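Below is one structure, written out as structure tokens; the observations come after it.
The values are calculated or read from the model by the stated rules, or taken from the named source; none is laboratory data. All values reported here derive from a predicted model rather than from experimental measurement. All Cβ positions, glycine included, derive from the backbone under ideal geometry; neighbour counts span all protein chains shown. Areas reflect the complete protein model, heavy atoms only, side chains present, ligands, DNA and RNA absent. Shrake-Rupley method; radii C 1.70, N 1.55, O 1.52, S 1.80 Å.
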Amino acid sequence: MGLTSLPNKTGLPGVVTTTLEEMVNWARTGAMWPLGFGLACCAIEMMSTQASTYDLSRFGMELMRPSPRQADMIIVAGRVTRKMAPVVRRLYDQMPEPKWVLAMGDCASCGGIFNNYATVQGVDEILPVDVYVAGCPPRPEQLIHGILTLHEKVRNEPLSKWFGEPAQSIRVE
Ligand code: SF4
């Protein structure tokens with residue numbers, strides 16, 4: 001029986017069995033701390049998602065970390081300029097594994113309305129994006145939906161994904 005299929009509490013003693021993989025992935029989704037890194041207007045909605053009305057702490061995510069060393073995921077909230085791209089990549093490289101990336105908004109996902117030489121046309125040019133959230137800006141409900149989609153993805157990841165050599169840094173021009 002998996003953790004997700006536990007019956008309602010009956011008061012009767014019982015036995016729960018699961019796999020190590022399922023247990024670890026379940027725990028990983030319980031306190032996924034995001035790196036606080038707002039780049040543009042989308043960051044206002046990200047901050048709103050943290051506040052009392054939407055309350056990300058329901059998902060163990062009330063702590064935005066100022067240091068990439070303490071972060072489990074990065075929410076790229078806003079457009080990434082070519083000048084900022086190496087900084088974003090360096091922050092990602094400084095995060096310990098396992099780590100995940102959520103592209104928030106049209107600009108982070110595909111450049112949005114900024115189809116020009118100065119803007120990265122989607123942060124997936126420089127980072128491995130796990131979840132894209134569309135919108136300009138996305139509402140907090142959409143960001144929460146993206147986060148829960150990421151949780152679902154993490155629950156189904158093989159543990160072996162994070163074994164072996166860490167991802168190599170890439171040079172961002
Ligand atoms: S998607 Fe819209 S709200 Fe978000 S950073 Fe781009 S222009 Fe601003």
Residue that is least open to solvent (accessible area, probe 1.4 Å) [pool: residues in segment 48-92 that are among the hydrophobic types (A, V, I, L, M, F, W, C) and free of Cβ contacts under 8 Å to residues at least 24 places away in the same chain] = 51
Kindly list the number of the only condition in (1) in contact with a strand residue (DSSP E or B) (Cβ under 6 Å, 6 or more places away or on another chain); (2) within 12 Å of the ligand (Cβ to nearest atom); (3) more than 13 Å from residue 140 (Cβ to Cβ) that fails for residue 40.
-> (1)
Filter result for residue 124 (more than 12 Å from the ligand (Cβ to nearest atom), outside any strand (DSSP E or B), acidic (Asp, Glu) and surrounded by 14 or more Cβ atoms within 10 Å (Cβ to Cβ)) = yes
Is it the case that segment 101-120 has a residue that's of a type outside the set (Asp, Glu), away from the ligand (no atom under 12 Å from the Cβ) and within 22 Å of residue 30 (Cα to Cα)?
-> yes
Taking first residues from segment 94-108 that are on the phi > 0 side of the Ramachandran plot and second residues anywhere that are open to solvent by 50 Å² or more (accessible area, probe 1.4 Å), the pairs with Cβ under 7 Å that are 6 or more apart or on different chains are 105/136; 105/137
Can you tell me which residues in segment 93-109 are surrounded by fewer than 17 Cβ atoms within 10 Å (Cβ to Cβ) and in a helix (DSSP H, G or I)?
-> 93, 94
Could you check residue 156 against (1) surrounded by fewer than 19 Cβ atoms within 10 Å (Cβ to Cβ); (2) within 16 Å of the ligand (Cβ to nearest atom); (3) farther than 25 Å from residue 94 by Cβ and say which number it fails?
-> (2)
